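Contents: one structure, followed by commentary.
The values are calculated or read from the model by the stated rules, or taken from the named source; none is laboratory data. Predicted model only: the values in this text are computed from it and were never measured. With ideal geometry, Cβ positions are generated from the backbone for all residues, glycine too; neighbour counts draw on all protein chains shown.
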Amino acid sequence: MSKELTTRAADYSQWYNDLVIKGGLADYSAVRGCMVIKPYGYALWENMRDQLDKMFKDTGHVNAYFPLFIPKSLFEAEEKNAEGFAKECAIVTHYRLKTDPNNKGKLIVDPEAKLEEELIVRPTSEAIIWNTYKGWIQSYRDLPLLINQWANVVRWEMRTRLFLRTAEFLWQEGHTAHATKQEAIAETEQMLNVYADFVEEYMAVPVIKGIKTANERFAGAEDTYCIEALMQDGKALQAGTSHFLGQNFAKAFDVQFMNKENKLEYVWATSWGVSTRLIGALIMAHSDDQGLIMPPKIAPLQVVIVPIYKGEESKPVIDAKVEILVKEFKALGIRVKYDNSDNARPGWKFAEYELKGVPVRIALGMRDLENNVVELARRDTKEKQSVSVDGLPETVKKLLEEIQRNIYNKALAFRNENIREANSWDEFVKLLDEKGGFISAHWDGTGETEDKIKDQTKATIRCIPMNNKMEEGKCILTGMPSGQRVLFARAY
RNA sequence: CGGGAUGUAGCGUAGCCCGGUUAUCGCGCCUGGUUUGGGACCAGGAGGUCGCAAGUUCGAAUCUUGCCAUCCCGACCA
């Protein structure tokens, strides 16, 4: 099997596709715009999901599950939200097939099985959830309601890309209800921080926390908070969003509660989500021309051990030694695989596990055993060293931590090098075309100007950074006064 | 959804323009052997709805039409 990878310099998009496919994360499917997540990719998602799930629960949330289908009348209740998603909805109109009388063996939609009311396949679940919450919330004592669901959603995208934008994808969506505006805003901010902590600490991808402009805001939200990451090609990627929904959904679905003063009030809402898109961010933030680079904390496999044997008699000796090591690794909670399969030689295995991004590789043969050492190779720097077998699990544990730090620091340095200030339109355009990355610039605060900049350069305002420095200046396009810089970038 | 490209064994491909024996080659796979410190070698072998469906023809991988999927560019997009 040819495992030649396209290089980043030759064709960045193709490089990305090659990593996803040849790295065994996902496959194309027979369904337009939908992909198959393969076991290796799904194991990565499971590790991400499990950690996030723990963090959600640590902040007081519980999981539930709501239906895939949403009656059209519910879907349209919150107008802005419905409008925002209308163009990308899949709709169920019938509930039965029948044999084609004119073409035996083929099926057609039974025209007599038309639904009274069409069902929308959820692009997000606010509608069905708020319709349900109406029945669950009567008093301030029922609040806050802090629920998350792990689910699939469907958005009928015109153009899809593996993990980054597919018609169906996996995600989690948190939907909370609160008695006060302040509490809902605090929740929105808290979950943004949870996302940022997760992405930085576990995925080793540095993010910028910020607030979206009105143009980029979630349909139906009062405010959308986001974390933005930078990819190696200089394009930004929205890695997660957290929305303060105000009372928009409470009013649309008539969700009121009795407060302590015995007065009816509409509840305050938030929603927040991250998706399998994060896997795309992970790939594009760290990987190189040899393949994927997995951050140890969420890598499906942290360590692979490859035996190097000469003749049949040495194999059992190495197997026996490794068996002990594997037990020790597992005792320390290290995800390890011993690949003693006989159908590939060591060199082939080395290349294969580099492609898959396994953080640490251990090779050992008789020569090593005699000297009580192994060859320890790290994926991020490709460095190899000979280390003692004594205390090896601890050595590896420390190395995994070091790799996690290193790839984060590398991504952070790259991100920081690629935030540049622009003080004129010419400079802005030049930076965008020649360097990419985030461009920090003044903007007059209007949607019109933002649209014009987007039309002319394809750059959008990624966010207004949190705790942004206030600074008088002039909008790079219109010259109108501006009180702070915002971050522009071309984005995925 | 518009423009461009692609689809032949698990992967990568030749053949297609100009229709005509048994569809080419490499990798991988299976068997046996030799091997194993950076993508091993020898010998033998298996594997094909030529993306799908109609049509033209004595005859279609090759020509025509429709459809499906993928990639790139655009439009679109929390």
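For the reader, a short list of remarks on this structure follows.
- Considering residues of segment A:248-281 that are polar (S, T, N, Q) and either under 32 Å from the mean Cα position of the chain (by Cα) or not assigned by TED's automatic domain parsing to the domain that holds residue A:145 (or both) only, the residue nearest to residue A:196 (Cα to Cα): A:275
- Among the residues of segment A:122-148, the one identified as under 30 Å from residue A:235 (Cβ atoms) and either more than 10 Å from RNA strand B (Cβ to nearest atom) or free of Cβ contacts under 8 Å to residues at least 24 places away in the same chain (or both) is A:148.
- Of the residues making up segment A:181-197, at least one is touching a strand residue (DSSP E or B) at 6+ places or on another chain (Cβ under 6 Å), over 17 Å from residue A:121 (Cβ atoms) and surrounded by fewer than 18 Cβ atoms within 10 Å (Cβ to Cβ).
- Test for residue A:376: is it in contact with a helix residue (DSSP H, G or I) (Cβ under 9 Å, 6 or more places away or on another chain) and of a type in the set (A, V, I, L, M): yes
- So residue A:219, is it in the same structural domain as residue A:163 (by TED's automatic domain parsing), of a type outside the set (Phe, Trp, Tyr) and assigned to a loop (DSSP other than H, G, I, E, B): yes
Residue-by-condition table, conditions (1) within 30 Å of residue A:401 (Cα to Cα); (2) modelled with pLDDT under 95; (3) hydrophobic (A, V, I, L, M, F, W, C):
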residue	(1), (2), (3)
A:206	yes, no, no
A:250	no, no, yes
A:256	no, no, no
A:270	no, no, no
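- If you go through segment A:379-393 and keep only what is acidic (Asp, Glu), loosely packed, with under 12 Cβ neighbours inside 10 Å and within 25 Å of residue A:286 (Cβ to Cβ), you end up with just A:383.
- Considering segment A:398-430, and only residues there that are at pLDDT 95 or above, surrounded by fewer than 19 Cβ atoms within 10 Å (Cβ to Cβ) and of a type in the set (Lys, Arg), the residue that is nearest to residue A:381 (Cα to Cα) turns out to be A:410.
- Test for residue A:113: is it surrounded by fewer than 18 Cβ atoms within 10 Å (Cβ to Cβ), within 11 Å of RNA strand B (Cβ to nearest atom) and over 23 Å from the mean Cα position of the chain (by Cα): no
- Which numbered condition residue A:453 misses (of (1) within 27 Å of residue A:217 (Cα to Cα); (2) assigned to a helix (DSSP H, G or I); (3) touching a residue at least 60 places away in the same chain (Cβ under 8 Å)): (3)
- The strands (runs of 3 or more DSSP E) found entirely in segment A:1-81 that carry 2 or more residues being under 29 Å from residue A:253 (Cα atoms) and more than 10 Å from RNA strand B (Cβ to nearest atom) are A:69-71.
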